[in-house]
Number of protein chains: 2
Amino acid sequence: MNETHDPGLKSWVESANTETCDFPIQNLPYGVFSRADAPAPRVGVAIGDQVLDLAAAEAAGLLPGGGGLFSNPAINTLMARGAALWAEMRLALSRMLRQGARPRPELLTPMTDATLHLPFEVTEYTDFYASREHATNVGSMFRDPANALMENWLHMPVGYNGRASTVVVSGTDIQRPCGQIKPPHTDQPTYAASAKLDIELEMGAVVGTPSEMGAPLSVAEADAMIFGYVLLNDWSARDVQVWEYQPLGPFQAKAFATTISPWVVTQEALAPFRTPGPVQDPQPLPYLRQQGPHNFDINLTVTMQPAGTTQPSTICRTSFKHMYWSSAQQLAHHAGSGCAMRTGDLLGSGTISGAAKGSLGSLLELTWNGRDPLQLADGSERTFIEDGDRLTLSGHCQGDGYRIGFGQAAGTVLPAAAV
Amino acid sequence: MNETHDPGLKSWVESANTETCDFPIQNLPYGVFSRADAPAPRVGVAIGDQVLDLAAAEAAGLLPGGGGLFSNPAINTLMARGAALWAEMRLALSRMLRQGARPRPELLTPMTDATLHLPFEVTEYTDFYASREHATNVGSMFRDPANALMENWLHMPVGYNGRASTVVVSGTDIQRPCGQIKPPHTDQPTYAASAKLDIELEMGAVVGTPSEMGAPLSVAEADAMIFGYVLLNDWSARDVQVWEYQPLGPFQAKAFATTISPWVVTQEALAPFRTPGPVQDPQPLPYLRQQGPHNFDINLTVTMQPAGTTQPSTICRTSFKHMYWSSAQQLAHHAGSGCAMRTGDLLGSGTISGAAKGSLGSLLELTWNGRDPLQLADGSERTFIEDGDRLTLSGHCQGDGYRIGFGQAAGTVLPAAAV
């Protein structure tokens, strides 16, 4: 904890000083933006309803690090430099943006004029399965309710490698995928548009500093490598998934798109919101044991808004704090075989489902595979996503008089390509 | 077929003109090399026992493409430019290296003086499961001999996303991985060095030109995007795999290392060795149907050589032609959901096992999970790999008086890190 976390801090950017602003001076998340009159994307930091141009600030000699951190339109260079510089940069930005510092409006772009891009180059994308409630629910539906949780689940953060080429930033339209589907009670599969398109509400941990091939990590070492977090929607085609996933896991059912929020909220900004996760019983093996709180209390919501309507319906409210396995444990497990981790690796937490019905992080669970349709505000019903629906993930940590917000991870579903 | 395939062609590099040379003028595979007196890696082409420096040849104005293709130590730039330039480059190199052309010894480095590096930046790595014999054998051992082949297997090329960060070039030592293992007849897993370290004999297809997100590919389009092939050893920790792989597939059991051969043999060089694969029954869905021969008749061998011995023992002889699903079908399936494919994506074929006992591409199958040890030339026995063992994959297509060789994908296993 240091001066950048002081709840009393205010910014000379007045819009940052309201209680419900996602981007107060205690947050300072990094992203990549462009504007119509300056179309080359560059790194910025969100403050209130503005973006501070870090490429320009660096060029003006206002930032630590020796230069060259923001000459690429991605934060990978900063992330690779390590935690000492991350802290130094945060402190410099906090001091630059505080009330009392010299205002620098020439470095600001209103968010309404900014186009946001992927904030980092996604090196590889891994997805986990770390909510006990979600794993139990899916196991009940896909396999056997009596043995929903597999035997390995309580011993390791189960995960699989996902597809990095289709990680997109919030706002990108999502084309309904086609895939191989075998409807129940039929003999033959078909190749068709998915009829069970779903979301998965997740957080994504972003690896900052790399690890060497052949070098396992402790949970503490793994935790220190995580630069920050984003909201993550692991779009899933359930009908493709159930036919393809045995024995090698999900593949094309999740390869078509993954949406992340545009601002990477640093782990340092989240430090005041660390909280213990659920008690882990059985005790994890030594390589997975963690000291201190490694979960984060991030309030999460999902809304669904049909095309042509004006009112989004909230379909899920939950918290990241419920996750059984922490992101640090996931990263330690990932490197446990000697797998090299790299700057820009993205680790999806797995679907975040709580115990209550309204806290489930996928339509698969919310509608129990279509059996119990959701009622939306406009009077329509949903089992899975229909064309034109807009799905939006939001999240924030609630501080004393301020919040650390993530913005949104949103996408509108477009019709499938012709088969 | 064009003049570069003429079996009668000879090179002014005399060592390229012997019948058993892997790198005759009909081959012309691309790699990346350095030498002690010129340590910056650069692209080269193998010819006989020499490497032709393409960065130097380009700088001398001897190559098509307009320059800049070989300024990076990777062939990704060339691959991204597309098939017309690939053919033009091959023709130019063939004409430059032929008997009768002006010899350019100043562009040559003896292979014995060359250090070989990864030939391309591996963007993402995907691994398939496309040998019917292998899938049947593994299904029998890991699951149920009566239902060894899962219902989806005959309808799609089953695959999963692997880990790109640990793809290494032939010659790189492989540290025995640790991982979470639950021995049979025990209640609790442990974290320990793998006791069932294995190989998987595969070919790797290298994606040359990219495809867009949301744009499925026909098999013909997919085939045209493949730049070339390498040998690929998908090292596998079987004891880790059997405990972790349900329900999301292999993860740390295969994340610690994948070895590829240093020379990318172009699909164009392999054209004379195209052959039909096994008859596919049931007929694949339309998006997976292929016209003409899409398999390749590549003779493959695996040798194992214990530390301190001089004689490698051949433990497997097979051919790539046996694969049920072709690499082009795999790539079409991979893009079937709209998954974007990128230059440098590596697609492992899956373990290449034939029907005969000596043609099985993994120790898991060769020893039937350790039940039937192998006898090696030095009198020792093996179930799985022991520390110090060197495993070497080799492959070539047999032409009329020449061969198109792949060189080797070799690695020596070192002891695990201390747990």
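Here are a few things to note about the model shown:
- Comparison of B:ARG98, B:ARG90 shows that the only residue that is of a type in the set (D, E, K, R), in contact with an Asp or Glu (Cβ under 7 Å, 6 or more places away or on another chain) and away from chain A (no Cβ under 14 Å) is B:ARG90.
- Selected residue (only one of A:GLU151, A:GLU200, A:GLU212 is of a type in the set (Asp, Glu) and touching an Asp or Glu at 6+ places or on another chain (Cβ under 6 Å)): A:GLU200
- Of the residues making up segment B:177-217, those that are within 21 Å of B:ARG238 (Cβ to Cβ), open to solvent by 20 Å² or more (accessible area, probe 1.4 Å) and more than 8 Å from every other protein chain (Cβ to nearest Cβ) number 9.
- Members of segment B:146-166 found to be more than 7 Å from every other protein chain (Cβ to nearest Cβ), open to solvent by 10 Å² or more (accessible area, probe 1.4 Å) and modelled with pLDDT of 95 or more, listed by number: B:LEU154
- Checking each residue in segment A:130-145 for being closer than 18 Å to A:ALA355 by Cα and away from chain B (no Cβ under 11 Å) picks out A:ALA130, A:SER131, A:ARG132, A:GLU133, A:HIS134, A:THR136, A:ASN137, A:SER140, A:MET141, A:PRO145.
- Among the residues of segment B:333-374, those identified as touching a Pro at 6+ places or on another chain (Cβ under 9 Å), in a loop (DSSP other than H, G, I, E, B) and surrounded by 24 or more Cβ atoms within 10 Å (Cβ to Cβ) are B:ALA335, B:GLY336, B:SER337, B:GLY338, B:CYS339, B:MET341, B:ASP345, B:GLY350.
- Residues of segment B:140-165 satisfying the condition of being touching a residue at least 60 places away in the same chain (Cβ under 8 Å), under 21 Å from B:LEU346 (Cα atoms) and outside any loop (DSSP other than H, G, I, E, B): B:GLY159, B:TYR160
- Selected residue (only one of B:GLY65, B:GLY8 is assigned to a loop (DSSP other than H, G, I, E, B), in contact with a Leu (Cβ under 6 Å, 6 or more places away or on another chain) and more than 21 Å from B:THR172 (Cα to Cα)): B:GLY65
- Candidates are the residues of segment A:246-257 that are more than 7 Å from chain B (Cβ to nearest Cβ) and touching a helix residue (DSSP H, G or I) at 6+ places or on another chain (Cβ under 9 Å); the one that is most open to solvent (accessible area, probe 1.4 Å) is A:LYS254.
- Residue match in segment B:381-397 (condition: within 12 Å of B:LEU197 (Cβ to Cβ), outside the structural domain of B:TYR30 (by TED's automatic domain parsing) and in a strand (DSSP E or B)): yes
- Subset of segment B:280-298 that is assigned to a loop (DSSP other than H, G, I, E, B) and loosely packed, with under 14 Cβ neighbours inside 10 Å - its residue that is farthest from the other protein chains (Cβ to nearest Cβ): B:GLY292
- A:PHE23 satisfies every condition listed in (1) open to solvent by less than 10 Å² (accessible area, probe 1.4 Å); (2) of a type outside the set (A, V, I, L, M); (3) within 19 Å of A:ALA271 (Cβ to Cβ) except (1).
- Qualifying residue in segment A:29-44 (condition: of a type outside the set (Val, Ile, Thr), open to solvent by less than 50 Å² (accessible area, probe 1.4 Å) and assigned to a loop (DSSP other than H, G, I, E, B)): yes
The values are calculated or read from the model by the stated rules, or taken from the named source; none is laboratory data. As the structure is a prediction and not an experimental result, all values here were calculated from the model. Quick reminder, even Gly has a Cβ in these numbers, built from the backbone with ideal geometry, and neighbours come from all protein chains shown. Heavy atoms of the whole protein, side chains included, go into the accessibility calculation; ligands, DNA and RNA do not. Shrake-Rupley method; radii C 1.70, N 1.55, O 1.52, S 1.80 Å.
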